[in-house]
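I have placed the structure first, in the form of structure tokens, so that the comments after it can refer back to it.
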Amino acid sequence: MAYRDGASSVQGRLIRVTPLLVDGGVDEAKPVWISNGFITASFSPEFEDGDEITEKAADGSVCISYKAPDSFKRLNFNLSLCSPDPESAAVLAGGLLIEGGDGICDSNEGQVIGYSSPPVGDAGENPVAVEIWSTANVGGRPASGQPWFHWVFPYVKVRYTGDREFGNSALSNEFEGQGLGNPALANTGLYSKDTQASSGAFPKAQSEDWVTYRAALMNPFSYVRSCDNLTDEFGGDYVVRGFHFFTPSSPGVSPWPAAQVISPNETMDEAGRPTVAAPTPATGVAAGFPGEWVGDE
């Protein structure tokens with residue numbers, strides 16, 4: 001019997017983006033991005049129209065009429081962020097991070113201070129899994145016991161979209177792409193690469209909704225009612241508007257592969273990749289508060 005309390009889904013409370021390998025497995029070399037610094041996330045199903053067969057008799061009347069069912073092809077997925085942020089852009093759309101130092105923003109030496117887009121001709125093979133928590137609303141307040149809807153889009157590829165206009169308004173930060181099912185996760189589940197579970201800063205993999213219900217990851221989107229305590233599981237940073245948090249995140253250890261970071265005075269190879277290993281950047285910047293860093297220093 002279905003669990004029914006009449007809850008509506010209101011407000012996007014939290015987003016978690018997990019980098020994937022091209023085949024859909026979790027990319028252990030890259031950090032997971034967690035934030036509430038997004039404006040909207042939306043999706044819509046796309047269908048292929050079924051063939052329609054119509055034949056007319058000699059007198060002009062229809063004698064054969066058949067319409068094949070429409071076929072579900074994929075999701076269209078859109079995400080709008082509150083403000084430009086290098087690391088969220090790198091997670092979502094690829095590209096390179098730019099590190100401070102050598103007389104340029106010395107106060108941010110060793111920290112990510114900018115972003116460089118993927119090169120012209122880049123195929124954009126940068127899949128991610130996207131999870132969103134929204135409030136389960138009953139009578140104007142969070143539902144008792146299961147206060148969240150936990151949505152999952154297990155294989156999404158997005159790119160920059162929309163006009164970036166410099167004017168008397170906020171610069172847009174829009175991404176769009178497509179979503180598919182992910183058979184590679186249907187056996188393992190979508191788990192957090194957790195190095196901080198013992199401190200309560202991130203949920204343990206065994207308790208993840210999409211480990212328990214991993215079979216659903218075969219499909220382009222799913223949701224469950226969830227009893228996650230977001231404040232406890234994501235730490236006090238959850239209450240900071242626009243916070244960004246990365247895991248794994250250990251003091252003095254970069255969550256980013258060196259090949260994805262441009263260091264001061266670094267040269268590039270013909271493929272547009274840094275030619276030497278980069279120093280370690282900090283763990284993440286608060287999207288709404290430039291220069292304010294959260295997580296381990």
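Quick note: the coordinates plus some simple rules give every number you see, no bench work behind them. This structure is a prediction, so every number in the text was calculated from the model and none was measured. Every residue, glycine among them, receives a Cβ derived from its backbone with ideal geometry; neighbour counts consider all protein chains shown.
Simple spin-label estimate for Glu46 and Thr212 gives 3.4 nm between the two label positions (7 Å along the Cα-to-Cβ direction from each Cα).
Taking a sphere under 11 Å around the Cβ of Gly50 and counting the other residues whose Cβ falls inside, with K and R at +1 and D and E at -1, yields a net charge of -4.
Distances between placed amide hydrogens fall under 5 Å for Leu14 paired with Trp133, all partners being 5 or more residues away or on another chain. Remark: spin-label model distance Glu125-Glu55 equals 4.7 nm, labels positioned 7 Å along the Cα→Cβ axis.
Each of the peptides 7-17, 45-55, 26-36 was scored by the mean count of other Cβ atoms within 10 Å over its residues; in descending order, highest first, they stand as 26-36, 7-17, 45-55.
Summing charges over all other residues whose Cβ lies under 10 Å from the Cβ of Ser172, with Lys and Arg as +1 and Asp and Glu as -1, gives -2. If R0 is taken as 22 Å, the Cβ-Cβ distance between Ile39 and Arg164 corresponds to a FRET efficiency of 0.90. Measuring max minus min along each principal axis, the C-alpha atoms of region 1-99 give extents of 76, 41, 28 Å (largest first).
Our estimate of slack between Arg4 and Cys227, defined as 0.36 nm per intervening residue step minus the Cα-Cα distance, is 78.8 nm.
Per-residue packing, averaged as other Cβ atoms within 10 Å, sorts the ranges 135-146, 57-68 into the order 135-146, 57-68, beginning with the highest. Site pair Lys67 and Ser116 shows an inter-label distance of 5.3 nm when each label is modelled 7 Å from Cα along Cα→Cβ.
Note on Ala29/Leu171: beta-carbon distance plugged into 1/(1 + (r/R0)^6) with R0 of 22 Å gives a FRET efficiency of 0.15. Volume of the convex hull of region 142-182 (Cα atoms only), normalised per residue: 92 Å³. Using R0 = 25 Å, the C-beta based FRET efficiency linking Asn187 and Ser80 works out to 0.15. Need one word for region 107-177: rounded, prolate or oblate. Basis is the Cα gyration tensor (sqrt eigenvalues a ≥ b ≥ c); a/c below 1.5 gives rounded, then a/b vs b/c decides. It comes out prolate by the Cα gyration axes.
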